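Notes for the one structure printed next.
The values are calculated or read from the model by the stated rules, or taken from the named source; none is laboratory data. Bear in mind the structure is a predicted one, so any value in this text is a computation, not a measurement. No Cβ is skipped: glycine too gets one built from the backbone with ideal geometry, and neighbour counts run over all protein chains shown.
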Amino acid sequence: MQQIIVQVQMLLVALSGLLPLVREEHRGRAGEILAFAGAVLKASGALAANASDLARKLTDVRAEVESMAESGRPVTAEEMEGAIARVRAASAAFRAALEIAEGAAP
Amino acid sequence: MPHPIRVFALALALAATPACAAFEAPRLENPVAAARSVDQRAYALLHAYGAIVEEARDVVADPESPLALKRALGQAERAATPAAETLQIAVVAYVRARSDFDAAAHADQSAIARAGAALTAATRHLGEALTAAERPVGELEALVQAARR
C-alpha cells in the first residue's frame, strides 16, 4: 500500500510540473485539485502505516501467547503487570491526545 | 473537450480502481484465540487492547483525521477501558489466588481446600471479566480498523 501511495504521489508531483501548460484561467483550480489529492494521499498513507503497525503488534502478542500455550506455561505475575502497565500507559496517552485534538477543534 | 480536468480526473479514478480493488488490508491476528488457559486469554486480551489503544492514539494525534472519527474513538475507548480495568482487577486477584494455592501445597488439607476454593472463585471471576471485556474491546478494534481503510 505504501508503495502504491508513493507512486501516486510521484505522479502528482509530475503532473504539478505540467501545470504551466494548463490555460491560465484553469491553472489555479488544477493546482487546488492536485493539492487536495496530495493531502488525501498523505492521510491515507499515515493510516496505512498505522494498519501495518497494529498488525505487527498483534502478530507479536499472538506469537508470545502461542509459545506459552504450546509449553503449557502459566503467565507470571510480572508478565501480567507488564500487560496492565501497557494498557494504563496507552489509555493515558490516548486520552491526552484526544484532549489536545478537542482543544484544537474549531 | 469542454472539461479536460474533469475528464482527466475521471480517467485517473477509473485507472486506479482495479489497483484499489486488488489491495487487501493486512489481516489482524487474534491473540486471544491462541490462548489455552484463562490467564493466557487475559494476558492476550490486555496486550491486544494495549496495542489497539496505542493505534487509536496515533489516529487521534493525526491532524488529518476527521474530528468525528476522533470523537467516536474516544467514546469507544471510554466504554472499553472500564471493562479492561475490571479485567485487570480480576487478573491481580487470580494471580494472588494462584500464588496462595501454590504456597499451600505443603500445608494441611483445610488450608489447601481454602486456597483451592479461592482459586476457583478467582478463575470464575476472571472468566466473567474476560467475557465482559471482549465485546467493547472488539468494538474499539473494529473502529480503529475502519479508520485506516
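Against the definition (more than 15 Å from B:ILE52 (Cβ to Cβ) and surrounded by fewer than 20 Cβ atoms within 10 Å (Cβ to Cβ)), how does B:ALA97 come out, yes or no? When the stated conditions are applied, B:ALA97 does not pass them.
Go through the stretch B:60-74 and count every residue that is surrounded by fewer than 23 Cβ atoms within 10 Å (Cβ to Cβ) and within 7 Å of chain A (Cβ to nearest Cβ). Please lay out each step first, then the result.
Of the stretch B:60-74, the ones surrounded by fewer than 23 Cβ atoms within 10 Å (Cβ to Cβ) are B:61-72, B:74.
Keeping just the survivors that are within 7 Å of chain A (Cβ to nearest Cβ) gives B:61-62, B:64, B:67, B:70, B:74.
So the answer is 6.
Flag not set for B:LEU140, criterion: part of a helix (DSSP H, G or I) and more than 17 Å from A:ALA97 (Cα to Cα).
When we screen B:ARG96, B:ARG78 for residues that are among the charged types (D, E, K, R), free of Cβ contacts under 8 Å to residues at least 24 places away in the same chain and either in contact with a Pro (Cβ under 8 Å, 6 or more places away or on another chain) or more than 12 Å from B:LEU46 (Cβ to Cβ) (or both), the only hit is B:ARG78. Annotation: of all residues in the stretch A:8-30 being loosely packed, with under 13 Cβ neighbours inside 10 Å and either in contact (Cβ under 8 Å) with a residue 40 or more places away in the chain or of a type in the set (Gly, Ala, Ser) (or both), the one that is farthest from the other protein chains (Cβ to nearest Cβ) is A:GLY17.
From the set of residues in the stretch A:34-55 that are modelled with pLDDT of 80 or more and touching a helix residue (DSSP H, G or I) at 6+ places or on another chain (Cβ under 9 Å), which is nearest to the other protein chains (Cβ to nearest Cβ)?
Initial filter on the stretch A:34-55 (modelled with pLDDT of 80 or more): A:53-55.
Next, only the ones that are touching a helix residue (DSSP H, G or I) at 6+ places or on another chain (Cβ under 9 Å) stay: A:53-54.
On the way: A:ASP53: 7, A:LEU54: 4 Å.
Filtering first and then ranking leaves A:LEU54.
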